[in-house]
Amino acid sequence: MSDNELSPIAQALHDAKSVAIFTHARPDPDAIGSQVGAALMLAALGKQVYVMCLPPIPQPLQFLLNMLPGSCIEYTPEKAANISVDRILVVDTSARQQLEPATAFLESSASKVLILDHHISGDLRHDLIYRDTSAAACVEIVAKLGGILGVAFSKNMATALLAGLVGDTGWFRFDSVTPRTHEIAAKLLDAGASPSELWGRLMQSERKSKLVLLSHAVGHISFYARDRIAAMELSNQDIAEANAETWETEGLIDIPMMVESVVCSVFLSETPEGKIRASLRSKHTVDVNAVCREFGGGGHARAAGCRLPGPLSSARDALVKALERKLG
Ligand SMILES: [Mn+2]
(Lines give C-alpha, C1' and ligand atoms only; values in the text may rest on other atoms or scores of the structure.)
Protein backbone atom coordinates (compact mmCIF):
# COMPACT_ATOMS: atom_id res chain seq x y z
CA MET A 1 0.00 0.00 0.00
CA SER A 2 1.25 3.46 -0.74
CA ASP A 3 1.32 6.36 1.70
CA ASN A 4 -1.62 8.04 0.02
CA GLU A 5 -3.86 5.17 1.08
CA LEU A 6 -3.07 6.09 4.67
CA SER A 7 -3.86 9.76 4.00
CA PRO A 8 -7.65 9.55 4.55
CA ILE A 9 -7.05 8.17 8.07
CA ALA A 10 -4.38 10.80 8.72
CA GLN A 11 -6.85 13.47 7.58
CA ALA A 12 -9.64 12.09 9.78
CA LEU A 13 -7.32 12.14 12.81
CA HIS A 14 -6.08 15.62 11.88
CA ASP A 15 -9.68 16.85 11.82
CA ALA A 16 -10.64 15.17 15.12
CA LYS A 17 -10.43 16.99 18.43
CA SER A 18 -10.75 13.84 20.52
CA VAL A 19 -9.76 10.24 19.85
CA ALA A 20 -10.15 6.99 21.80
CA ILE A 21 -7.60 4.29 21.00
CA PHE A 22 -8.27 0.57 21.33
CA THR A 23 -6.17 -2.50 20.69
CA HIS A 24 -6.72 -6.24 21.02
CA ALA A 25 -7.19 -8.20 24.23
CA ARG A 26 -4.14 -10.09 25.54
CA PRO A 27 -2.05 -7.20 24.23
CA ASP A 28 1.54 -7.76 23.09
CA PRO A 29 4.31 -5.16 22.71
CA ASP A 30 3.11 -4.24 19.20
CA ALA A 31 -0.45 -3.69 20.43
CA ILE A 32 0.50 -1.47 23.38
CA GLY A 33 3.41 0.11 21.47
CA SER A 34 1.06 1.09 18.63
CA GLN A 35 -1.50 2.39 21.08
CA VAL A 36 0.94 4.42 23.16
CA GLY A 37 2.90 5.63 20.12
CA ALA A 38 -0.29 6.84 18.41
CA ALA A 39 -1.59 8.37 21.66
CA LEU A 40 1.62 10.37 22.23
CA MET A 41 1.58 11.58 18.61
CA LEU A 42 -2.05 12.68 18.77
CA ALA A 43 -1.47 14.34 22.16
CA ALA A 44 1.49 16.21 20.65
CA LEU A 45 -0.92 17.52 18.01
CA GLY A 46 -3.17 18.86 20.76
CA LYS A 47 -5.86 16.17 20.63
CA GLN A 48 -7.72 14.89 23.66
CA VAL A 49 -6.71 11.21 23.72
CA TYR A 50 -8.21 8.31 25.65
CA VAL A 51 -6.25 5.06 25.69
CA MET A 52 -8.67 2.22 26.33
CA CYS A 53 -7.36 -1.07 27.76
CA LEU A 54 -8.79 -4.56 27.77
CA PRO A 55 -7.22 -6.09 30.91
CA PRO A 56 -5.21 -7.95 31.97
CA ILE A 57 -2.15 -5.99 30.80
CA PRO A 58 1.09 -8.02 30.99
CA GLN A 59 3.28 -6.54 33.69
CA PRO A 60 6.35 -6.15 31.38
CA LEU A 61 4.25 -3.82 29.15
CA GLN A 62 3.10 -1.54 31.95
CA PHE A 63 6.09 0.79 31.53
CA LEU A 64 4.82 1.73 28.06
CA LEU A 65 1.45 2.80 29.47
CA ASN A 66 3.28 4.74 32.18
CA MET A 67 4.69 7.00 29.45
CA LEU A 68 1.20 8.32 28.75
CA PRO A 69 0.33 11.74 30.16
CA GLY A 70 -2.79 10.22 31.76
CA SER A 71 -3.49 6.63 32.72
CA CYS A 72 -5.16 4.11 30.45
CA ILE A 73 -8.85 3.52 30.97
CA GLU A 74 -9.93 -0.05 31.65
CA TYR A 75 -12.81 -0.64 29.27
CA THR A 76 -16.32 -1.05 30.62
CA PRO A 77 -19.49 -0.28 28.61
CA GLU A 78 -20.34 2.44 31.16
CA LYS A 79 -16.98 4.22 30.84
CA ALA A 80 -17.08 3.96 27.04
CA ALA A 81 -20.59 5.45 27.00
CA ASN A 82 -19.39 8.38 29.11
CA ILE A 83 -16.54 9.28 26.80
CA SER A 84 -17.62 11.25 23.78
CA VAL A 85 -15.00 11.30 21.03
CA ASP A 86 -14.86 12.37 17.40
CA ARG A 87 -12.94 9.27 16.33
CA ILE A 88 -12.05 5.79 17.55
CA LEU A 89 -8.71 4.39 16.41
CA VAL A 90 -8.26 0.61 16.53
CA VAL A 91 -4.66 -0.59 16.18
CA ASP A 92 -3.04 -3.99 15.52
CA THR A 93 -6.30 -5.86 14.95
CA SER A 94 -9.49 -5.69 12.93
CA ALA A 95 -10.99 -8.90 14.33
CA ARG A 96 -14.19 -8.73 16.36
CA GLN A 97 -13.18 -11.77 18.42
CA GLN A 98 -9.97 -10.08 19.58
CA LEU A 99 -11.75 -6.95 20.79
CA GLU A 100 -14.10 -8.57 23.29
CA PRO A 101 -15.61 -7.30 25.54
CA ALA A 102 -15.57 -3.99 23.60
CA THR A 103 -16.80 -5.40 20.26
CA ALA A 104 -20.46 -4.42 20.67
CA PHE A 105 -19.48 -0.86 21.65
CA LEU A 106 -17.10 -0.55 18.68
CA GLU A 107 -19.67 -1.93 16.24
CA SER A 108 -22.27 0.54 17.49
CA SER A 109 -19.73 3.35 16.84
CA ALA A 110 -18.60 1.97 13.45
CA SER A 111 -19.02 5.33 11.66
CA LYS A 112 -16.22 6.75 13.87
CA VAL A 113 -13.90 3.76 13.68
CA LEU A 114 -10.51 4.01 11.94
CA ILE A 115 -8.42 0.84 11.77
CA LEU A 116 -4.67 0.38 11.34
CA ASP A 117 -3.83 -3.30 10.94
CA HIS A 118 -1.18 -5.58 9.50
CA HIS A 119 -3.04 -8.88 9.88
CA ILE A 120 -4.39 -10.77 6.89
CA SER A 121 -8.05 -10.71 7.85
CA GLY A 122 -10.58 -8.95 10.02
CA ASP A 123 -14.32 -8.43 10.32
CA LEU A 124 -14.79 -5.33 12.50
CA ARG A 125 -17.14 -2.73 10.99
CA HIS A 126 -15.45 0.60 10.38
CA ASP A 127 -15.43 3.91 8.55
CA LEU A 128 -11.84 3.72 7.25
CA ILE A 129 -9.25 0.94 7.33
CA TYR A 130 -5.58 0.79 6.37
CA ARG A 131 -4.38 -2.79 6.14
CA ASP A 132 -0.76 -3.46 5.19
CA THR A 133 0.18 -7.12 5.56
CA SER A 134 3.72 -6.30 4.44
CA ALA A 135 4.28 -4.31 7.65
CA ALA A 136 6.26 -6.46 10.10
CA ALA A 137 4.52 -4.71 12.97
CA CYS A 138 1.60 -2.34 13.31
CA VAL A 139 4.01 0.24 14.73
CA GLU A 140 5.50 0.50 11.22
CA ILE A 141 2.12 1.85 10.11
CA VAL A 142 1.87 4.13 13.16
CA ALA A 143 5.35 5.49 12.40
CA LYS A 144 4.29 6.18 8.80
CA LEU A 145 1.14 7.90 10.07
CA GLY A 146 3.30 10.08 12.34
CA GLY A 147 5.33 11.09 9.28
CA ILE A 148 2.19 12.10 7.35
CA LEU A 149 0.91 14.05 10.36
CA GLY A 150 4.27 15.83 10.65
CA VAL A 151 5.03 14.71 14.20
CA ALA A 152 8.66 14.82 15.39
CA PHE A 153 9.34 11.61 17.34
CA SER A 154 10.01 12.12 21.04
CA LYS A 155 12.07 9.60 23.00
CA ASN A 156 8.89 8.12 24.50
CA MET A 157 7.17 7.81 21.11
CA ALA A 158 10.28 6.15 19.69
CA THR A 159 10.50 3.76 22.66
CA ALA A 160 6.86 2.71 22.28
CA LEU A 161 7.27 2.14 18.54
CA LEU A 162 10.54 0.23 18.92
CA ALA A 163 8.88 -2.01 21.52
CA GLY A 164 6.30 -2.99 18.89
CA LEU A 165 8.96 -3.49 16.26
CA VAL A 166 11.13 -5.81 18.35
CA GLY A 167 8.07 -7.58 19.73
CA ASP A 168 6.50 -8.56 16.41
CA THR A 169 9.78 -9.32 14.65
CA GLY A 170 11.35 -11.42 17.43
CA TRP A 171 14.07 -8.79 17.69
CA PHE A 172 14.46 -8.53 13.88
CA ARG A 173 14.75 -12.23 13.09
CA PHE A 174 11.43 -13.12 11.39
CA ASP A 175 10.77 -13.39 7.62
CA SER A 176 8.54 -10.34 7.93
CA VAL A 177 11.58 -8.09 8.50
CA THR A 178 12.37 -5.88 5.52
CA PRO A 179 14.90 -3.12 4.88
CA ARG A 180 12.04 -0.74 5.72
CA THR A 181 11.78 -2.30 9.20
CA HIS A 182 15.43 -1.45 9.85
CA GLU A 183 15.04 2.02 8.34
CA ILE A 184 12.23 2.71 10.80
CA ALA A 185 14.34 1.28 13.64
CA ALA A 186 17.17 3.64 12.66
CA LYS A 187 14.81 6.62 12.92
CA LEU A 188 13.59 5.42 16.32
CA LEU A 189 17.16 5.05 17.62
CA ASP A 190 17.91 8.53 16.26
CA ALA A 191 14.97 9.79 18.32
CA GLY A 192 16.44 8.28 21.49
CA ALA A 193 14.98 4.77 21.81
CA SER A 194 17.42 2.37 23.49
CA PRO A 195 17.45 -1.35 22.49
CA SER A 196 19.32 -2.38 25.64
CA GLU A 197 16.86 -0.55 27.88
CA LEU A 198 13.99 -2.21 25.99
CA TRP A 199 15.57 -5.66 26.35
CA GLY A 200 15.67 -5.19 30.11
CA ARG A 201 12.10 -3.89 30.24
CA LEU A 202 10.55 -6.48 27.91
CA MET A 203 12.72 -9.57 28.34
CA GLN A 204 14.04 -9.37 31.91
CA SER A 205 11.01 -8.14 33.82
CA GLU A 206 9.13 -11.37 34.50
CA ARG A 207 8.06 -12.63 37.91
CA LYS A 208 9.33 -15.90 39.40
CA SER A 209 5.92 -17.45 38.65
CA LYS A 210 6.74 -17.28 34.93
CA LEU A 211 9.61 -19.73 35.37
CA VAL A 212 7.43 -22.08 37.46
CA LEU A 213 4.80 -21.93 34.70
CA LEU A 214 7.50 -22.70 32.13
CA SER A 215 8.48 -25.83 34.07
CA HIS A 216 4.82 -27.01 34.10
CA ALA A 217 4.50 -26.31 30.37
CA VAL A 218 7.71 -28.15 29.49
CA GLY A 219 6.42 -31.06 31.58
CA HIS A 220 3.33 -31.26 29.37
CA ILE A 221 4.72 -31.45 25.84
CA SER A 222 3.62 -34.17 23.43
CA PHE A 223 4.98 -34.82 19.96
CA TYR A 224 3.16 -35.93 16.79
CA ALA A 225 3.80 -36.54 13.08
CA ARG A 226 7.34 -37.85 13.53
CA ASP A 227 8.16 -35.09 16.02
CA ARG A 228 7.26 -32.37 13.53
CA ILE A 229 4.40 -31.13 15.73
CA ALA A 230 4.88 -30.26 19.40
CA ALA A 231 1.84 -29.57 21.56
CA MET A 232 2.24 -27.96 24.96
CA GLU A 233 -0.64 -27.47 27.35
CA LEU A 234 -1.45 -25.77 30.62
CA SER A 235 -4.58 -26.39 32.68
CA ASN A 236 -6.14 -23.90 35.04
CA GLN A 237 -4.68 -26.04 37.82
CA ASP A 238 -1.13 -25.64 36.40
CA ILE A 239 -1.61 -21.87 36.23
CA ALA A 240 -2.97 -21.75 39.78
CA GLU A 241 -0.18 -23.96 41.16
CA ALA A 242 2.43 -21.68 39.60
CA ASN A 243 0.64 -18.73 41.18
CA ALA A 244 0.71 -17.26 37.69
CA GLU A 245 -1.49 -14.87 35.72
CA THR A 246 -2.84 -15.87 32.30
CA TRP A 247 -0.66 -13.29 30.51
CA GLU A 248 2.43 -15.06 31.80
CA THR A 249 1.90 -17.85 29.24
CA GLU A 250 3.24 -15.39 26.62
CA GLY A 251 6.28 -16.73 24.76
CA LEU A 252 6.12 -20.30 26.08
CA ILE A 253 5.05 -21.48 22.62
CA ASP A 254 8.48 -20.69 21.23
CA ILE A 255 10.27 -23.17 23.52
CA PRO A 256 9.55 -26.39 21.51
CA MET A 257 10.74 -24.64 18.34
CA MET A 258 14.33 -25.09 19.55
CA VAL A 259 14.01 -28.76 18.52
CA GLU A 260 15.23 -29.27 14.95
CA SER A 261 12.46 -31.67 13.88
CA VAL A 262 9.64 -29.46 15.18
CA VAL A 263 8.11 -27.37 12.39
CA CYS A 264 4.94 -26.46 14.21
CA SER A 265 4.32 -25.63 17.85
CA VAL A 266 0.88 -25.62 19.47
CA PHE A 267 0.24 -24.06 22.84
CA LEU A 268 -3.06 -24.72 24.60
CA SER A 269 -4.25 -23.15 27.81
CA GLU A 270 -7.51 -23.33 29.67
CA THR A 271 -9.41 -20.10 30.22
CA PRO A 272 -11.13 -19.52 33.56
CA GLU A 273 -14.43 -20.32 31.78
CA GLY A 274 -13.10 -23.74 30.71
CA LYS A 275 -12.63 -22.83 27.04
CA ILE A 276 -9.32 -23.55 25.35
CA ARG A 277 -7.12 -20.81 23.96
CA ALA A 278 -4.77 -22.11 21.29
CA SER A 279 -1.72 -20.46 19.76
CA LEU A 280 0.17 -21.90 16.82
CA ARG A 281 3.60 -21.14 15.39
CA SER A 282 5.35 -22.62 12.40
CA LYS A 283 8.88 -22.48 11.05
CA HIS A 284 7.91 -22.98 7.39
CA THR A 285 5.69 -25.08 5.10
CA VAL A 286 2.58 -24.93 7.31
CA ASP A 287 0.17 -21.98 7.10
CA VAL A 288 -1.10 -21.87 10.69
CA ASN A 289 -3.39 -18.95 9.83
CA ALA A 290 -5.33 -21.30 7.54
CA VAL A 291 -5.52 -23.92 10.29
CA CYS A 292 -6.75 -21.41 12.88
CA ARG A 293 -9.35 -20.05 10.47
CA GLU A 294 -10.90 -23.53 10.35
CA PHE A 295 -11.63 -22.94 14.05
CA GLY A 296 -12.83 -19.35 13.76
CA GLY A 297 -9.49 -17.70 14.59
CA GLY A 298 -6.64 -16.34 12.51
CA GLY A 299 -3.45 -14.29 12.50
CA HIS A 300 -0.40 -14.63 10.30
CA ALA A 301 0.93 -17.55 8.24
CA ARG A 302 3.63 -18.26 10.86
CA ALA A 303 1.75 -17.20 14.01
CA ALA A 304 -1.96 -17.52 14.64
CA GLY A 305 -4.49 -18.38 17.31
CA CYS A 306 -8.02 -19.58 17.92
CA ARG A 307 -10.41 -20.68 20.64
CA LEU A 308 -11.92 -24.13 20.99
CA PRO A 309 -14.33 -25.82 23.38
CA GLY A 310 -12.78 -27.90 26.17
CA PRO A 311 -11.46 -30.15 27.44
CA LEU A 312 -7.75 -29.66 26.65
CA SER A 313 -7.33 -33.17 25.24
CA SER A 314 -10.08 -32.86 22.60
CA ALA A 315 -8.92 -29.36 21.56
CA ARG A 316 -5.37 -30.71 21.19
CA ASP A 317 -6.54 -33.69 19.13
CA ALA A 318 -8.61 -31.50 16.80
CA LEU A 319 -5.73 -29.09 16.15
CA VAL A 320 -3.13 -31.82 15.73
CA LYS A 321 -5.39 -33.59 13.19
CA ALA A 322 -5.83 -30.34 11.22
CA LEU A 323 -2.07 -29.76 11.25
CA GLU A 324 -1.29 -33.34 10.20
CA ARG A 325 -3.58 -32.84 7.19
CA LYS A 326 -1.57 -29.75 6.20
CA LEU A 327 1.77 -31.45 6.78
CA GLY A 328 0.73 -34.44 4.65
MN1 LIG B 1 1.12 -6.76 15.61
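The values are calculated or read from the model by the stated rules, or taken from the named source; none is laboratory data. Bear in mind that the values here come from a model prediction, so they are computed numbers and not experimental data. A quick note on method: Cβ atoms are made from the backbone with ideal geometry, for glycine too, and the neighbour counts reach across all protein chains shown.
Do you know which residues across the range 138-152 are among the aliphatic types (A, V, I, L, M) and away from the ligand (no atom under 14 Å from the Cβ)?
Answer for the range 138-152, where residues must be among the aliphatic types (A, V, I, L, M) and away from the ligand (no atom under 14 Å from the Cβ): 145, 148, 149, 151, 152.
Quick one: in the range 144-180, of everything that is surrounded by fewer than 21 Cβ atoms within 10 Å (Cβ to Cβ) and among the β-branched types (Val, Ile, Thr), which residue is farthest from residue 4 (Cα to Cα)? Within the range 144-180, the match that is farthest from residue 4 (Cα to Cα) is 177.
Among residues of the range 123-138 that are in the same structural domain as residue 8 (by TED's automatic domain parsing) and farther than 22 Å from residue 100 by Cβ, those with a Cβ under 6 angstrom from a residue that is surrounded by 16 or more Cβ atoms within 10 Å (Cβ to Cβ) and of a type in the set (Ser, Thr, Tyr), sequence gap 6+ or separate chain, pair up as 136/169; 136/176; 136/181.
If the condition is being acidic (Asp, Glu) and farther than 16 Å from residue 133 by Cα, then the range 163-204 contributes 183, 190, 197. Counting the residues of the range 58-71 that are away from the ligand (no atom under 16 Å from the Cβ) and at pLDDT 95 or above gives 6. When the test is whether a residue is away from the ligand (no atom under 16 Å from the Cβ), part of a strand (DSSP E or B), at pLDDT 95 or above and of a type outside the set (Lys, Arg), residue 88 passes it.
The residues of the range 148-192 that are free of Cβ contacts under 8 Å to residues at least 40 places away in the same chain, over 17 Å from the mean Cα position of the chain (by Cα) and assigned to a helix (DSSP H, G or I), listed by number, are 155, 158, 179, 182, 183, 185, 186, 189, 190. Of the residues making up the range 35-56, those that are within 21 Å of the chain's Cα centre (by Cα), in a loop (DSSP other than H, G, I, E, B) and more than 16 Å from the ligand (Cβ to nearest atom) number 2. In the range 70-85 there is at least one residue matching the filter, namely being acidic (Asp, Glu), free of Cβ contacts under 8 Å to residues at least 24 places away in the same chain and either part of a strand (DSSP E or B) or buried (at least 19 other Cβ atoms within 10 Å of the Cβ) (or both). Note on the range 104-121: residues that are part of a helix (DSSP H, G or I) and surrounded by fewer than 17 Cβ atoms within 10 Å (Cβ to Cβ) total 5. Scanning the range 295-315 for residues that are in a loop (DSSP other than H, G, I, E, B) and within 21 Å of residue 25 (Cα to Cα) yields a count of 8.
Scanning the range 1-34 for residues that are within 10 Å of the ligand (Cβ to nearest atom) and assigned to a helix (DSSP H, G or I) gives 29, 30, 31, 33, 34.
Within the range 20-69, the only residue that satisfies the criterion of being among the acidic types (Asp, Glu) and crowded, with 24+ Cβ neighbours inside 10 Å is 30. When residue 174 is tested against the conditions (1) under 22 Å from residue 38 (Cα atoms); (2) within 14 Å of the ligand (Cβ to nearest atom), the lone failure is (1).
Cβ-Cβ distances below 6 Å connect the following pairs, each with a first residue in the range 38-54 that is in the same structural domain as residue 188 (by TED's automatic domain parsing) and more than 9 Å from residue 70 (Cβ to Cβ), a second residue that is of a type in the set (S, T, N, Q) and surrounded by fewer than 24 Cβ atoms within 10 Å (Cβ to Cβ), and a separation of six or more residues or different chains: 40/156; 48/18. Inclusion of residue 132 among residues that are buried (at least 24 other Cβ atoms within 10 Å of the Cβ) and within 13 Å of the ligand (Cβ to nearest atom) is not warranted.
Filtering the range 228-259 to residues that are in a loop (DSSP other than H, G, I, E, B) and in contact with a His (Cβ under 9 Å, 6 or more places away or on another chain) leaves 235, 242, 244.
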